[in-house]
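Undergrad: Quick one: structure below, then a few questions.
The values are calculated or read from the model by the stated rules, or taken from the named source; none is laboratory data. Fair warning: this is a prediction, and the values are worked out from it, not measured in the lab. Ideal geometry is used to build each Cβ from the backbone, glycine not excepted, and the neighbour counts take in all protein chains shown. We work out accessible area using only protein heavy atoms, side chains counted, and drop any ligands, DNA or RNA first. Shrake-Rupley method; radii C 1.70, N 1.55, O 1.52, S 1.80 Å.
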Amino acid sequence: MTGVDAVRAGEWAAPGRVNLIGEHTDYNDGFVLPFALPQQVTVAAARRDDGLLRLCFPAAAGGGEGAVELRVDALEPGRGPRGWAGYAAGVVWALRDAGHPVGGAEVTFASTVPPGAGLSSSAALEVACALALNDLYGLGLTGAALAVLCRRAENAYVGAPTGIMDQAASACCTPGHALFLDTRDLTRRHVPFDPAAHGLALLVVDTRVQHAHADGEYGRRRAGCEAAARTLGVRALRDVPHGELAAALRRLPDAAARGLVRHVVTENARVLHAVDLLTAGDLPALGPVLTAGHASLRDDFRVSCPEVDLAVATALAAGALGARMTGGGFGGSVLALVARGAEEQVGEAVAAAFAAASYAPPRWFRAAASAGARRLS
């Protein structure tokens with residue numbers, strides 16, 4: 001019978017993520033330290049036996065309107081749908097391109113991850129879709145393997161030159177922990193992260209300034225990093241030792257290249273330092289690490305914006321132990337490490353500063369390290 005196979009159906013979920021530290025290091029083979037959010041993308045899916053991929057993401061569920069219907073054997077990079085449907089179609093294409101026997105599917109999405117906030121709503125959608133197809137077609141792939149395929153979907157099908165951090169965090173994180181990930185070999189360690197146990201909270205402030213990874217600025221930063229690595233004769237900027245940074249900077253042709261390299265090398269060092277602090281249970285000392293990371297993203301990597309800088313400065317002035325932007329940049333969200341109970345005070349201070357600057361009102365919430373992708377039913 002042609003149509004939906006209701007016997008082979010279920011529901012899956014994959015979370016958005018916050019990156020504590022380690023920004024723009026993943027595509028430089030470096031280190032990252034994200035954790036999963038409670039906000040997630042859920043997928044209700046079933047197999048189809050007619051070769052059709054039918055995608056639905058209702059506006060009431062956090063998406064667009066209507067449905068998109070595609071033939072799986074006609075999926076091809078550069079010729080598919082854009083937006084949310086492109087990420088889902090890219091996952092099907094990547095699975096099939098890797099030789100996995102994925103056929104048609106009926107897939108309906110819902111999301112509580114704020115889009116465009118630097119919290120990886122697109123990666124959550126990809127991973128939820130990939131996990132559903134993995135189970136529906138009995139592929140037996142691990143979370144790490146699904147993350148690799150989702151990253152390929154985003155790079156090759158969607159055309160966004162991102163690294164693997166977002167997909168790995170969504171697929172592999174565990175509750176109460178941050179994920180220390182070496183993006184070169186994908187080795188990972190779950191590091192305890194429970195601010196509440198230390199009398200602290202991690203506030204996420206969504207500045208509501210939208211960004212897009214597929215735009216030219218993100219791609220130019222990645223190309224600049226790759227060019228600098230070639231100039232320095234290394235495989236990736238991860239291979240520049242922190243102790244040899246000054247000598248490496250003298251070999252670079254201009255201030256822009258020096259800024260890119262300085263950020264990546266020092267950011268990798270900040271990730272390692274943050275892991276040591278979390279392992280030792282010294283969470284208050286994490287604050288200055290976050291603030292230093294923001295200064296580096298703002299001044300060296302140049303991916304901040306006035307709204308984000310104002311949110312960071314205001315949070316610090318209102319008593320935050322540390323604050324920085326999180327995500328790819330050019331907008332998105334800010335992290336603030338604050339005393340437990342001070343979340344409202346800091347959030348209201350940022351809102352007042354935004355109102356005084358005639359910016360759109362920000363949104364904020366307290367983040368908790370949550371579960372990675374999983375089957376719900």
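Undergrad: Just need log10 I(q)/I(0) for segment 247-319 at q = 0.19, 0.22, 0.24, 0.26 Å⁻¹, Debye formula, equal scatterers on the alpha-carbon atoms, no solvent, rounded to two decimals.
TA: -0.86, -0.99, -1.06, -1.12
Undergrad: Work out how far the C-alpha atoms of segment 286-377 reach from end to end along every principal axis, then list the three figures in whole Å, largest first.
TA: Result, largest extent first: 47, 31, 27 Å.
Undergrad: From the Cα trace of segment 220-377, what convex hull volume per residue do you get, rounded to a whole Å³?
TA: 169
Undergrad: Go ahead and estimate [θ] at 222 nm for the chain from helices alone: -39,500 (n - 2.57) per DSSP H run with n ≥ 4, summed, over the residue count, rounded to 500.
TA: -11500 deg cm²/dmol
Undergrad: How long is segment 194-288 along each principal axis, judged by its Cα atoms, biggest number first, in Å?
TA: The Cα atoms of segment 194-288 stretch 47, 35, 20 Å along the principal axes, largest first.
Undergrad: How large is the Rg to Rh ratio of segment 97-164 when both quantities use alpha carbon positions and Rh follows Kirkwood?
TA: Over the Cα atoms of segment 97-164, Rg/Rh equals 0.96.
Undergrad: Given a 10 angstrom Cα cut-off, can you work out which residue in Asp182, Asp206, Asp49 is the most mobile in a GNM of the chain?
TA: Highest fluctuation of the listed residues: Asp49.
Undergrad: Tell me the Kirkwood hydrodynamic radius of the chain in angstroms, computed as one over the mean inverse distance between distinct C-alpha pairs.
TA: Computed over the chain, the radius equals 21.0 Å.
Undergrad: Bin by bin, in steps of 5 Å, what percent of the Cα pairs in segment 1-73 do you find, going until the bin that has the longest distance?
TA: Bins of 5 Å from zero give 3, 12, 14, 17, 15, 11, 13, 10, 4, 1, 0 percent of pairs.
Undergrad: Let me know the charge dipole size of the chain about its Cα centre in debye, to the nearest 20, where only the beta-carbon of Lys, Arg (+1) and Asp, Glu (-1) is charged.
TA: The dipole magnitude comes to about 460 debye.
Undergrad: Keeping the other protein chains in place, figure out the carbon and sulfur percent of the accessible area of the chain, with a 1.4 Å probe.
TA: 52
Undergrad: Can you work out D for segment 174-238 in µm² s⁻¹ from Stokes-Einstein, where Rh is the Kirkwood radius over C-alpha pairs, the temperature is 4 °C and the viscosity is 1.567 mPa s?
TA: It comes out at roughly 83 µm²/s.
Undergrad: Could you calculate the FRET efficiency of Arg8 with Thr174 from 1/(1 + (r/R0)^6), where r is the beta carbon distance between them and R0 is 30 Å, rounded to 0.05?
TA: Once rounded, the FRET efficiency stands at 0.60.
Undergrad: Could you state the accessible area per residue of the chain in Å², with a 1.4 Å probe and every protein chain left in place?
TA: 38
Undergrad: In addition: Specify the residue with the greatest mean-square fluctuation among Cys56, Cys305, Cys225, computed from a Gaussian network of the chain linking alpha-carbon atoms under 10 Å apart.
TA: Cys305
Undergrad: What is the sum of charges around Ser120, taking Lys and Arg as +1, Asp and Glu as -1, for the other residues whose C-beta is under 9 Å from the C-beta of Ser120?
TA: That works out to 0.
Undergrad: Restricting attention to segment 38-113, which GluC sites (Glu not before Pro) occupy a DSSP loop and are surrounded by at most 10 other Cβ atoms within 10 Å?
TA: Sparse-neighbourhood loop GluC sites (Glu not before Pro): Glu65.
Undergrad: What three numbers, in Å, describe the spread of the alpha carbons of segment 21-153 along their principal axes, ordered from the longest?
TA: 45, 35, 27
Undergrad: Quick one: helix 306-317 against the long Cα principal axis of the chain, what's the angle to the nearest 10°, folded into 0 to 90?
TA: 60
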